[in-house]
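Peer 1: If you scroll down you'll find the structure; I have some questions about it.
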Amino acid sequence: MANSAGSCKVAGVSTNLRLALALLIATACNTTPSSEAPTSGSASPAVPSSKVVPSGPAASALSSPTSAARAFHYDLVLHTTDGKTTARAAFSVDLSDTTLGSVSFAKNVSFVGGSRADVGTKVKCRLTMQGDVPQLDVEAETSVLDATGKIRKASSHGTTPTPVGTATVLLESSDGGMQFKLSATPTASAPLEPKATEAPGAAYVVDVSIAHTGDGAAAAPTTLTLNLSGDAPAIAKAGANVALVVGDAGVSSARQDVGSRMKATGHARGTSLDLDFDFESSAIESATPSARIRKMTAHGALVAPFDKPTTAFTGEEDGHRYTVTVTPHRAK
């Protein structure tokens, strides 16, 4: 039997049998193009490499959860130069090719007239591999309030190879005489084990320790506890509602919630817990009309061994240093 140009021909058989076979073959050899939408196996447009894929549930698995993933620890440093003065901010983020990461430092500052705005640095990044070289798909923004009360800004968006052990510039720009330079240095982490098959009702407890030093003061620790089970995120927070402005009579005219908040999900990965976390910390620097609210956020993922403390995040900016440590346990 030969099939050519959408037709089927049968030779050497009786007329009746030929007619019967023709009916069967007409069905089997129908070459009319389908008008249905492509199936899940059809090719789809590639995501441009210079775009940062949005975070959230739809992006929680960038590669198969059952395969080993590449992981790297990134140290990022931002230098801001205004004339002869250079300010330095440093922070870390752990990334793998199964998760996205982001980190931000900001100050909510007051302008003349009582209006307020956030200035600082925000970096969103996705890790991909170019052979054995990790590369970052980065969206970076930074802004500062200069001495004249004007906000200066710089931003960058694109994909950059980041060789291990080498500082690579992600952003270099200037605005009104102010210069910005953001660089990243990766360190290779151990490849991630495939995620374990969890028993129904598997639960975990994560102890979170947050240390903050600044303005010459001793470390002020905060402790939180997360109880994790399934895919639902757990949230723990500690804070206070403080006065932003205090008048001559000691009466507050505005208040703000400040403190620390940790949100996470977790699943077993071998002898460790695979944590996907969002961390926020904020504090007021002074209860004056020019009070500044200092904010820091981080989103990332790390694999923390059970019953051992693991550093999830470090950050240093304007004399303030933050260290977040997590210690996971299997719930008893």
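Peer 1: Among the listed pairs K84/K107; K237/K295; K263/K295; K237/K332, which are separated by more than 19 Å between their Cα atoms? Display every interim value, and only then the final one.
Peer 2: Details: K84/K107 23 Å; K237/K295 15 Å; K263/K295 16 Å; K237/K332 23 Å.
Going by Cα-Cα distance, K84/K107; K237/K332 fall outside the 19 Å limit.
Peer 1: Can you work out ³J(HN,Hα) from phi for every residue in region 255-268, in order, using Karplus 6.51 cos²θ - 1.76 cosθ + 1.60 and θ = phi - 60°, giving whole Hz and x for Gly and Pro?
Peer 2: Couplings: 9, 8, 7, 9, x, 10, 9, 10, 10, 7, 10, x, 9, 5 Hz.
Peer 1: Stretch A238-A211 to full length: gain in nm at 0.36 nm per residue minus the Cα-Cα span? Spell out each step's value before the answer.
Peer 2: On the way: separation 27, 0.36 × 27 = 9.72 nm, distance 1.33 nm.
Difference between extended and current length: 8.4 nm.
Peer 1: Let's test the formula: R0 of 22 Å, r as the Cβ-Cβ distance of H157 and Q179. What FRET efficiency results, to the nearest 0.05?
Peer 2: On the way: r = 19 Å, r/R0 = 0.86.
Working from the Cβ atoms, E equals 0.70.
Peer 1: Continuing with the same structure: Could you tally the net charge around H267, taking each other residue with its Cβ under 10 Å from the Cβ of H267, Lys/Arg +1 and Asp/Glu -1? Provide the component values of the computation, followed by the final result.
Peer 2: Details: positive: K195, R269; negative: E198, D231, D274, D276.
Local charge sum for H267: -2.
Peer 1: Count the net charge of all other residues whose Cβ sits under 14 Å from the Cβ of K150, scoring Lys and Arg as +1 and Asp and Glu as -1. Don't skip to the answer; put the middle values down first.
Peer 2: On the way: positive: R152, K153; negative: D82, D146, D175.
Once positives and negatives cancel, what remains is -1.
Peer 1: With the calculation restricted to Cα positions, what are the radius of gyration and Dmax of region 150-225 in angstrom?
Peer 2: Spelled out, the Cα radius of gyration and Dmax of region 150-225 are 20.6, 59 Å.
Peer 1: Distance between Cα centroids, region 176-198 to region 75-135: provide it in whole Å.
Peer 2: Taking the Cα centre of each part, region 176-198 and region 75-135 sit 12 Å apart.
Peer 1: Could you compute the net charge surrounding A203? Neighbours are other residues with a C-beta less than 10 Å from the C-beta of A203; K and R count +1, D and E count -1. Walk me through the numbers on the way to the answer.
Peer 2: On the way: positive: R330, K332; negative: E198.
So the surrounding residues net to +1.
Peer 1: Moving on to the next point. Given 37 °C and 0.692 mPa s, compute D for region 127-280 with the Stokes-Einstein relation, Rh being the Kirkwood radius over Cα pairs; round to the nearest whole µm²/s.
Peer 2: Working: Rh = 20.3 Å.
Roughly 162 µm²/s, to the nearest whole number.
Values quoted throughout were computed directly from the atomic coordinates according to the rules given, and no laboratory measurement underlies them. Small disclaimer: the values here were computed from a predicted structure and weren't measured. Please note: Cβ atoms are built from the backbone with ideal geometry, for glycine as well, and neighbour counts cover all protein chains shown.
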